[in-house]
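A.B. asks: This structure is in structure tokens; I'll ask about it shortly.
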Amino acid sequence: MPSVFTHIINGDLPGHFVWKDADCVAFLTIQPIREGHVLVVPRAEIDHWDAVPEATARHLIAVSQKIAHGIKEAWKPLRVSLIIAGFEVPHTHLHLIPADDMGDLSFARARSASKEELADAASLLRATLRAQGNAEAEF
């Protein structure tokens with residue numbers, strides 16, 4: 001059965017995308033810990049991150065770094081943390097979370113974001129990524 005992320009990737013469910021390429025996508029999570037919380041997801045439906053092919057894993061990290069630069073510029077956090085938890089959805093995904101301290105990384109702080117909040121954050125991050133020269137944010 002396809003994961004919820006596969007449905008988002010295929011357009012069957014809405015998503016606030018900030019990146020699309022042949023191997024992965026990135027979109028804002030509907031339950032952010034902080035504004036600008038992004039998920040980087042391979043298009044291939046792979047449950048466990050340690051089963052992701054090495055070339056795809058390298059690509060996910062490279063894309064995550066580019067998006068982290070955009071998050072830093074857009075929201076000015078002290079850090080952009082990367083977490084691979086793997087419990088919420090059986091489809092590998094990397095959490096990019098703007099953080100000023102360790103408390104900003106607690107999933108207990110996640111909240112539901114409105115469609116408007118997500119749309120505004122996605123628009124800001126896409127514009128920032130485009131200004132940084134990332135054509136993958138142009139869609």
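The values are calculated or read from the model by the stated rules, or taken from the named source; none is laboratory data. Just so we're clear, the structure is a prediction, and the values are computed from it rather than from any experiment. Methodologically, a virtual Cβ is constructed for each residue, glycine included, from the backbone with ideal geometry; neighbour enumeration extends over all protein chains shown.
A.B. asks: For region 24-35, enumerate the residues that are among the aliphatic types (A, V, I, L, M) and in contact (Cβ under 8 Å) with a residue 24 or more places away in the chain.
C.D. replies: Within region 24-35, Ala26, Leu28, Ile30, Ile33 qualify.
A.B. asks: Return only the number of the condition from (1) farther than 15 Å from Val18 by Cα; (2) among the hydrophobic types (A, V, I, L, M, F, W, C); (3) under 16 Å from the mean Cα position of the chain (by Cα) that Ala127 does not satisfy.
C.D. replies: Result: Ala127 fails condition (1) only.
A.B. asks: Further question: Restricted to region 79-97, and to residues that are touching a residue at least 12 places away in the same chain (Cβ under 8 Å) and more than 18 Å from Ile61 (Cβ to Cβ), which residue is surrounded by the fewest Cβ atoms within 10 Å (Cβ to Cβ)?
C.D. replies: Checking each candidate, the answer is Pro90.
A.B. asks: Going by the conditions given, is Asp12 modelled with pLDDT of 95 or more, out of contact with any Leu (no Cβ under 8 Å at 6 or more places or on another chain) and more than 22 Å from Glu117 (Cα to Cα)?
C.D. replies: Here the answer is no, as Asp12 does not meet what is asked.
A.B. asks: Additional query: Say we look at region 67-78 and pick out the residues that are in contact (Cβ under 8 Å) with a residue 60 or more places away in the chain and crowded, with 18+ Cβ neighbours inside 10 Å; which of these is nearest to the chain's Cα centre (by Cα)? Quick ask: steps written out before the conclusion?
C.D. replies: Going residue by residue through region 67-78, those that are in contact (Cβ under 8 Å) with a residue 60 or more places away in the chain are 67, 69-70.
This time we only want the ones that are crowded, with 18+ Cβ neighbours inside 10 Å, so: 67, 70.
On the way: Ile67: 8, Gly70: 12 Å.
Here the residue is Ile67.
A.B. asks: In addition: Looking for something touching a Gly at 6+ places or on another chain (Cβ under 6 Å), free of Cβ contacts under 8 Å to residues at least 40 places away in the same chain and surrounded by 15 or more Cβ atoms within 10 Å (Cβ to Cβ) - is there at least one such residue anywhere in region 7-23?
C.D. replies: yes
A.B. asks: Tell me the strands (runs of 3 or more DSSP E) entirely within region 31-139 that contain at least 3 residues that are modelled with pLDDT under 95.
C.D. replies: In region 31-139, there are no strands (runs of 3 or more DSSP E) which contain 3 or more residues that are modelled with pLDDT under 95.
A.B. asks: Can you name every residue in region 104-136 that is in contact (Cβ under 8 Å) with a residue 60 or more places away in the chain, within 16 Å of Lys72 (Cα to Cα) and crowded, with 19+ Cβ neighbours inside 10 Å?
C.D. replies: If the condition is that a residue be in contact (Cβ under 8 Å) with a residue 60 or more places away in the chain, within 16 Å of Lys72 (Cα to Cα) and crowded, with 19+ Cβ neighbours inside 10 Å, then Ala121, Ala122, Leu125, Arg126, Leu129, Asn134 are the ones that fit.
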